[in-house]
Amino acid sequence: MRVTGLALLSLVIIVASASPARADLTAFWGVSPSPTTQSVKGFAVGFSFLVIGFEGEYSNTTEDQTTAAPGLRTGMINALVQTPTKTQFYLTAGGGFFREYLGTAAETSFGTNIGGGVKISLVGPLRLRLDYRVLNLRGTPVTAHPQRFYAGANISF
């Protein structure tokens, strides 16, 4: 009974002292080095509590027909675990849908991603976000495990 009371009291203290949810918006540009170096653009919208967060993101990797490198559009929902500090390091994983295309051929299916990064405070709510992801695309895509690295402008509100 005493352990249960202490556990309940601890839970009440944690919930009562929890910081309110924060949201952020990121616009990013980067590169995908696989199968060749291609441009990636996109955006992410997220919200987080002290250590746990969630985000939805859209990205578009440009097609390069001269090197037979497919384009890739993704829409993913991710969970983040992050440090509760001014400079936030984070790990993320999630899943969603993708569409890979090259010329008239296309593959649409489900994919997952895993990665990490850092959000560096600049001025006020403006932060620099650096992110690296490895994707795992299901079905029969040309590139099953594309990677991407991006830098983005992140606004916290």
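Any read-out appearing in this document is the output of simple, stated calculations on the displayed coordinates, not a laboratory observation. Computed from a prediction, not measured in an experiment: that's the story for all the values here. For neighbour counting, all protein chains shown are included, and Cβ atoms are generated from backbone atoms with ideal geometry for every residue, glycine included.
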Next on the checklist: Suppose we filter Gly53, Gly116 for residues that are closer than 22 Å to Pro33 by Cβ and not acidic (Asp, Glu); which single one remains?
Outcome noted: Gly116
Checklist entry - Looking only at the stretch 83-136, which residues are among the hydroxyl-bearing types (Ser, Thr, Tyr) and not in a strand (DSSP E or B)? => result Thr83, Thr85, Thr87, Thr104
Checklist outcome for this item: Within the stretch 25-42, of all residues that are outside any loop (DSSP other than H, G, I, E, B) and free of Cβ contacts under 8 Å to residues at least 24 places away in the same chain, the one farthest from the chain's Cα centre (by Cα) is Ser39
